[in-house]
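What follows is a set of notes on a single structure, which appears directly below.
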Amino acid sequence: MSTSTSDRTRAIPTRAIIYWTATVLVVAELIVGGLWDVARLPFVRDTVTHLNYPTYFLVLLGVWKLLGAAALLVPRAPLVKEWAYAGIIFVDSGAIVSHLTVGYARGEVAVLAVLAALTVVSWALRPPGRRIPPANPV
């Protein structure tokens, strides 16, 4: 008895598909952005300078992004994942506020908002093995 492609596709819950799609997009942005930050590419350095941040901040931010990407991909370690999700939201919301406050490259605000939303979707739909177990009542 063979299983058709549509039967196999239906076997994967929609929640898992949405979770992994959002997570892969967030992780891809963290890896690419983290590498660009660590390399201090000119256009990234120019953006940070226009936002009135020191350029050395890019290396710190880039390393955090790369560690966050790793944390989201590794199995287990739910507490580390919680911290990674929080850090991503801090970075994205900080970037949104910075762009709006300084008035520089406001078009990027929409992209940053989408990335923040994808992070929230990934966090909200993560499977039980990637969540902190509930505390036992005393």
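Values in this text are rule-based calculations from the coordinates and carry no lab data. As the structure is a prediction and not an experimental result, all values here were calculated from the model. No Cβ is skipped: glycine too gets one built from the backbone with ideal geometry, and neighbour counts run over all protein chains shown.
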ask   = What is the magnitude of the charge dipole of segment 12-125 about its Cα centre, with +1 placed on the Cβ of each Lys and Arg, -1 on the Cβ of each Asp and Glu, and no other charges, expressed in debye to the nearest 20?
value = 180
ask   = Karplus couplings for segment 120-129 from phi (6.51 cos²θ - 1.76 cosθ + 1.60, θ = phi - 60°), rounded to Hz, Gly and Pro as x?
value = 5, 4, 4, 4, 5, 9, 4, x, x, x
key: Cα-based helix-to-principal-axis angle, 14-39 vs the chain, degrees rounded to 10   = 30
task = Report, in degrees rounded to the nearest 10, the 0 to 90 angle that the Cα long axis of helix 57-73 makes with the longest principal axis of the chain.
result = 0
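Tell me, what is the FRET efficiency for ARG15 and LEU35 to the nearest 0.05, using R0 = 35 angstrom and their Cβ-Cβ distance as r?
Computed FRET efficiency for ARG15 and LEU35: 0.70.
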message = At q = 0.10, 0.14 Å⁻¹, what log₁₀ I(q)/I(0) does the chain have when each alpha carbon counts as one equal point scatterer in the Debye sum?
response = -0.41, -0.71
remark   = Low-density loop chymotrypsin sites (Phe, Trp or Tyr not before Pro), segment 26-125, at most 13 other Cβ within 10 Å, DSSP non-H/G/I/E/B, are TYR56
ask   = With point charges of +1 on the Cβ of Lys and Arg and -1 on the Cβ of Asp and Glu, referenced to the Cα centre of the chain, which listed residue (ALA39, ALA124, ALA110) lies farthest in the positive direction of the dipole?
value = ALA124
remark   = A correct Karplus calculation of ³J(HN,Hα) over segment 92-102, with 6.51 cos²θ - 1.76 cosθ + 1.60, θ = phi - 60°, whole Hz and x for Gly and Pro, returns 5, 5, x, 5, 4, 4, 4, 4, 5, 5, 7
ask   = If you add up the charges near ILE132, with Lys and Arg at +1 and Asp and Glu at -1, over every other residue whose beta carbon is less than 14 angstrom from its beta carbon, what do you get?
value = +4
ask   = So what are the ³J(HN,Hα) numbers for segment 75-87, from phi and the Karplus equation (6.51, -1.76, 1.60; θ = phi - 60°), rounded to whole Hz, Gly and Pro as x?
value = x, 6, 6, x, 5, 5, 5, 4, 5, 5, 4, 4, x
task = Would you be so kind as to identify which of LEU30, SER98, VAL48 lies farthest towards the positive end of the dipole of segment 12-125, taking Lys and Arg as +1 and Asp and Glu as -1 on Cβ and the Cα centre as origin?
result = LEU30
key: Listed residue (LEU72, LEU60, ILE89) projecting farthest to the positive dipole end of the chain, Cβ model   = LEU72
